[in-house]
Amino acid sequence: MLRSRKRARINDPPPVTDYAVLPAKVAGSFRSSSTCPSIALRIEPVVKSVYRFIDKKTFLDWGLTSDWHVDGPRKRRTPGVSESADHALVASEKGKGTRHKNACSEGYGEMTEGSIERLFLVLKTLCTSQPAAADSVPSRVRTPSDYRLDDSVNMSTASTFIDIGSGYGKVVMHAALSAKVAKAVGIEYVASRAAMAINSKNDLVHGNHVFMTKCARCALRDVCDLEHGDATKYGTFNFSHVYIYDKVFSVSTLQLLARQLAKSPFKVLVSYQRIETWRRLGLNHIVEVAATRMRTTGGQTFKAYIFVKQTQFMIAEEFSS
């Protein structure tokens, strides 16, 4: 008996550590395995190499909070701590026990390339009956059966993409290289991260890197645009797909973004905030259509919610006619 148990253990497949290749039930999907089969994502080699290159170039410097690097009115969340002009933290004698209304958020790292690739697969098949990714999770707020999504919500080569709080620009470059969108823009508030992202992109485009093909260089040069700026002052987001890693954004930042999103002609919004949060902040004309679990470089797992503007729905009778 003991020998057979050992033999069974030896013959067992090795444990899977990447959620991208987990079966539907194991990965956390509530759909049955018959309707949502296991799918091993294929990430293009150049995308993997770009992620590794940026990791080495930036040393994954997410240990410091955002406010260590920013100037202006935003202050550290920690009560009783302020920031000097040279970014050195100095103990504050006043304001103990209070929090600045425009406090910055803590840094949690970036999403893995597997999670982003899976998210893009879901975005490419939003208007179909079967999402492509094995780890997509049924939405709590399902679209009514008498409504149908407009095909234009699917991410395609005609889509435009913006990452609000783009960090080192990995997601933006991923969208340009893998999703092959028409335009991919990233805006980052922290000057040091924005500078590293821009330098990394320029190095990838002009540097002597074997893994960078001619098509990849052209995509980053012509499609990818990384900017340093305050997204809350960006104005209207004229993009079809908006991605926000807002898990740790302050309430005041979310409020400002909600106002801009309400005026923006986007079609799809990807956020880590629940729909109740956005509606409470005034962003009412959105519907939750899907969700997917995402994993960070730090090993944390979050759920990304996919919202679509109500104007992107068509009544089934109109669609059939």
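The values are calculated or read from the model by the stated rules, or taken from the named source; none is laboratory data. Model, not experiment: these values are computed from the prediction. Methodologically, a virtual Cβ is constructed for each residue, glycine included, from the backbone with ideal geometry; neighbour enumeration extends over all protein chains shown.
Figure legend. Inter-residue proximity from segment 246-259: first residues more than 14 Å from F302 (Cα to Cα), second residues among the hydrophobic types (A, V, I, L, M, F, W, C) and part of a loop (DSSP other than H, G, I, E, B), beta-carbon distance below 6 Å, spacing 6+ or different chains. Indicated pairs: S250/A103; L254/L281; Q255/L281; A258/L281; A258/L283. Looking at V242, V268, V210, which is the one that is loosely packed, with under 15 Cβ neighbours inside 10 Å, aliphatic (A, V, I, L, M), closer than 30 Å to P45 by Cα and assigned by TED's automatic domain parsing to the domain that holds A290? Of V242, V268, V210, the one residue that is loosely packed, with under 15 Cβ neighbours inside 10 Å, aliphatic (A, V, I, L, M), closer than 30 Å to P45 by Cα and assigned by TED's automatic domain parsing to the domain that holds A290 is V210. Counting only residues that are part of a helix (DSSP H, G or I) and either closer than 19 Å to R274 by Cα or at pLDDT below 95 (or both), segment 119-161 holds 8 of them.
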